[in-house]
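K.L.:
The structure that follows is given in the form of C-alpha cells.
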C-alpha cells in the first residue's frame, strides 16, 4: 500500500470503530491533517447519527460545516467521547 492508501485505511478503520457507538447527543473531537480530512469526508453520510463535532483547526471546522456537521466550541461541550 502507498501512503494515501494507508491513510484511507486508517480513516475507514476509525469510522468502523465509532459507527456503532454514535448516539444523537455524541460530539466528536476532530483533528487536523490529511488523514483527518479523509475521516471527516467519511463522516458526512453519518451526520444524522450524532450531534456534531469540535475541531482542532479552522480548516477542519470548515470541512465539517460543508458536510452539514455542526461545529461546537470545545468550552461549550461536556465530554468528547471520541477524538
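K.L.:
Compute the long axis of helix 34-43 from its Cα atoms, compare it with the longest principal axis of the Cα atoms of the chain, and write down the angle in degrees, 0 to 90, nearest 10.
P.N.:
60
K.L.:
Evaluate the distance, in nm, between pseudo-label points positioned 7 Å from the Cα of residue 83 and of residue 20 along their respective Cα→Cβ axes.
P.N.:
Each label point is offset 7 Å from its Cα along the Cβ direction, giving 2.5 nm.
K.L.:
Could you give the length gained on full extension between residue 66 and residue 1, defined as 0.36 nm per residue of separation minus the Cα-Cα distance, in nm?
P.N.:
Result for the pair: 20.4 nm of gain on full extension.
K.L.:
Let me ask something else about it. Does anyone have the angle between helix 3-19 and the longest principal axis of the chain? Alpha-carbon axes, 0 to 90°, nearest 10?
P.N.:
40
K.L.:
How big is D, in µm² s⁻¹, for the chain by Stokes-Einstein at 4 °C and 1.567 mPa s if Rh is the Kirkwood radius over C-alpha pairs?
P.N.:
So the translational diffusion coefficient is about 102 µm²/s.
K.L.:
Continuing with this model, one more query. Do the sum for the chain: with -39,500 (n - 2.57) for every DSSP H run of n ≥ 4, divided by all residues, what is the mean residue ellipticity at 222 nm, to the nearest 500 deg cm²/dmol?
P.N.:
Roughly -13500 deg cm²/dmol at 222 nm, from the helical runs in the chain.
K.L.:
Please order 19, 7 by the number of other Cβ within 10 Å, starting at the fewest.
P.N.:
19, 7
K.L.:
Taking 8 Å as the Cα distance limit and 6 or more residues as the minimum spacing, I'd like the relative contact order of the chain as a percentage.
P.N.:
33 percent.
Bear in mind that the values in this text are calculations on the coordinates, not laboratory data. Since the structure is predicted, the reported quantities are computational estimates derived from the model, not experimental observations. For neighbour counting, all protein chains shown are included, and Cβ atoms are generated from backbone atoms with ideal geometry for every residue, glycine included.
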